[in-house]
């Protein structure tokens, strides 16, 4: 079987083992291809930073991706991912600025080893996650512009959940995504994140991070209009998976420095099926009452 751009993106997405895969299962094919290509793009630029041994080399590669995504918008892409993105870009009117913003976020990983405060971290989260949420919302479709605020806040919530889950691995790679001033507030230092032991102060710090993530989930759901829930069901599936992960971290006593907390593939699939079924039922009720217009 030839390696088409679409197949390249599918394999890129599948290799990552991400929870996003489960939210794609319930989409019509055009949207599934579009969101898979978007996800593959995010993986490509993220890999540039993760795999580069020298920051200057990574910056050169990110500059290449800036040029390449611009070429996709002018109809001259050369990479399988940007070739796969051409149709979605046109069909869903995706803005070039959003793709450039994602690359800006990846570059922040080269500029910051630790974020001084949540102000700087929130910009990073916006670029690498909220913007992906905004692009995804365009692909899924919506009637009410409040859905954009939902997508922005949901991206922030999921990124904050990732940060909490991955705090040990990130620290070992020399990357600290918990704001320095918050570490200091709990009388902690960066070296405490390398100890592999959950002290009371660390548990209090991680609890605060989880509460911030939950606040963004709540904010996101408050923004989402009823008539757009069904179109945005893939995002709601992701929200259910990530909130379940957050609940697991809490139930385990925030021992994220001692072990990686994760959900099994079977549980993710069950959450996806349950959420999709629930959203279908709500959608049918909405159609019956005539509130979908």
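From the list 85, 94, 110, 135, which residue is surrounded by fewer than 22 Cβ atoms within 10 Å (Cβ to Cβ), in contact (Cβ under 8 Å) with a residue 24 or more places away in the chain and within 19 Å of residue 9 (Cβ to Cβ)?
Of 85, 94, 110, 135, the one residue that is surrounded by fewer than 22 Cβ atoms within 10 Å (Cβ to Cβ), in contact (Cβ under 8 Å) with a residue 24 or more places away in the chain and within 19 Å of residue 9 (Cβ to Cβ) is 94.
Any residue at all in segment 7-16 that is out of contact with any strand residue (DSSP E or B) (no Cβ under 6 Å at 6 or more places or on another chain), modelled with pLDDT under 95, closer than 21 Å to residue 236 by Cα and crowded, with 17+ Cβ neighbours inside 10 Å?
yes
Of 136, 191, which residue is over 18 Å from the mean Cα position of the chain (by Cα) and more than 17 Å from residue 121 (Cβ to Cβ)?
Answer to the check: 191.
So is residue 159 farther than 25 Å from residue 87 by Cβ, in contact with a helix residue (DSSP H, G or I) (Cβ under 7 Å, 6 or more places away or on another chain) and not assigned by TED's automatic domain parsing to the domain that holds residue 40 or not?
Taking the combined requirement at face value, the residue satisfies it.
Give the residue, chosen from 214, 267, 260, that is at pLDDT below 95 and part of a helix (DSSP H, G or I).
The conditions single out 267.
Return a yes/no flag: does segment 120-138 have any residue that is part of a helix (DSSP H, G or I), in the same structural domain as residue 220 (by TED's automatic domain parsing) and more than 24 Å from residue 238 (Cα to Cα).
Yes, segment 120-138 contains a residue that is part of a helix (DSSP H, G or I), in the same structural domain as residue 220 (by TED's automatic domain parsing) and more than 24 Å from residue 238 (Cα to Cα).
Considering segment 97-119 alone, what residues qualify as being farther than 21 Å from residue 150 by Cα and in a helix (DSSP H, G or I)?
100, 103, 104, 106, 107, 108, 109, 110, 111
Residue by residue through segment 139-151, note down the ones that are touching a helix residue (DSSP H, G or I) at 6+ places or on another chain (Cβ under 7 Å) and either free of Cβ contacts under 8 Å to residues at least 60 places away in the same chain or assigned by TED's automatic domain parsing to the domain that holds residue 31 (or both).
Residue satisfying the conditions is 148 alone.
Can you confirm whether segment 19-29 contains a residue that is out of contact with any helix residue (DSSP H, G or I) (no Cβ under 9 Å at 6 or more places or on another chain) and surrounded by fewer than 16 Cβ atoms within 10 Å (Cβ to Cβ)?
Yes, segment 19-29 contains a residue that is out of contact with any helix residue (DSSP H, G or I) (no Cβ under 9 Å at 6 or more places or on another chain) and surrounded by fewer than 16 Cβ atoms within 10 Å (Cβ to Cβ).
Do we have any residue at all in segment 190-202 that's in the same structural domain as residue 121 (by TED's automatic domain parsing), under 18 Å from residue 260 (Cα atoms) and touching a strand residue (DSSP E or B) at 6+ places or on another chain (Cβ under 9 Å)?
yes
The values are calculated or read from the model by the stated rules, or taken from the named source; none is laboratory data. The structure displayed is predicted, hence computed values, not measured ones. Backbone-built Cβ (ideal geometry, glycine too); neighbour counts: all protein chains shown.
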